[in-house]
């Protein structure tokens, strides 16, 4: 019984901050406003030679691919030029997006699983636990927030002191091929989503999750403090 309790406690403390991190990732990767802002901020129309309507097609196609496409499907974006339809992405880019899609599917599944773990654990605490429920939950929020904060700050220091190296290592770990090595002078995918885009998105995810971790710690403190008075 004690082992089971310890395992579920650890699962909850890991799942809660992970859920917040994956929520940020999921929202940013499937929100067209993010793509639209990036297209404007980085001058993608000029760099890629695509107009706003074509970029809209690209952005919505990628979001739909992440959200709705089957894992076996390929992302082949079709555009028009001088009345002739053509594929925007090369075979190499399409295969890379296929790999990305498989990873995103796993991350979305992990997001759903962490949500179920969190709800199940909280429900079990309030329905069956004999602990002082509110102070106990407060302590868990503090542990989760502090743990995630420590990891994020460490990762942020590594990433932002050498982003290019970290970005390369990230791809080497996640992908078992070199389809991600694209040519910015000829490959549309890297022209539409340049290095600075990924650096800024990484910053946003880190900042959001750090803020949420601090909010967890603060909420946990309030629950612990006022719960003990109740």
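Remarks
- Some residue of region 90-102 being under 23 Å from residue 203 (Cα atoms), in contact with a helix residue (DSSP H, G or I) (Cβ under 9 Å, 6 or more places away or on another chain), free of Cβ contacts under 8 Å to residues at least 12 places away in the same chain and part of a helix (DSSP H, G or I): yes
- Some residue of region 3-10 being under 16 Å from the mean Cα position of the chain (by Cα), closer than 22 Å to residue 212 by Cα, in contact (Cβ under 8 Å) with a residue 60 or more places away in the chain and surrounded by fewer than 18 Cβ atoms within 10 Å (Cβ to Cβ): no
- All conditions in (1) in contact (Cβ under 8 Å) with a residue 40 or more places away in the chain; (2) in a helix (DSSP H, G or I); (3) surrounded by 15 or more Cβ atoms within 10 Å (Cβ to Cβ) hold for residue 155, with the sole exception of (3).
- Test for residue 42: is it over 16 Å from residue 211 (Cβ atoms), at pLDDT 90 or above and surrounded by 21 or more Cβ atoms within 10 Å (Cβ to Cβ): no
- Test: residue in region 219-230 that is free of Cβ contacts under 8 Å to residues at least 60 places away in the same chain, under 18 Å from the mean Cα position of the chain (by Cα), surrounded by fewer than 16 Cβ atoms within 10 Å (Cβ to Cβ) and not in a loop (DSSP other than H, G, I, E, B): no
- Residue match in region 120-129 (condition: over 30 Å from residue 53 (Cα atoms), part of a loop (DSSP other than H, G, I, E, B) and more than 17 Å from the chain's Cα centre (by Cα)): yes
- Selection from region 173-198 of residues that are surrounded by 16 or more Cβ atoms within 10 Å (Cβ to Cβ), in contact (Cβ under 8 Å) with a residue 12 or more places away in the chain and either touching a strand residue (DSSP E or B) at 6+ places or on another chain (Cβ under 7 Å) or not in a loop (DSSP other than H, G, I, E, B) (or both): 188, 189, 191, 192, 197
- Residue within region 70-80 that is touching a residue at least 40 places away in the same chain (Cβ under 8 Å) and either over 22 Å from residue 194 (Cβ atoms) or crowded, with 16+ Cβ neighbours inside 10 Å (or both) present: no
- Region 158-172, residues that are in contact (Cβ under 8 Å) with a residue 40 or more places away in the chain and under 17 Å from the mean Cα position of the chain (by Cα): 159
- Residues of region 53-66 satisfying the condition of being over 24 Å from the mean Cα position of the chain (by Cα) and surrounded by 12 or more Cβ atoms within 10 Å (Cβ to Cβ): 54
The values are calculated or read from the model by the stated rules, or taken from the named source; none is laboratory data. Keep in mind the model is a prediction, meaning the values are calculated, not measured. Every residue, glycine as well, gets a Cβ built from its backbone with ideal geometry; the counts of neighbours run over all protein chains shown.
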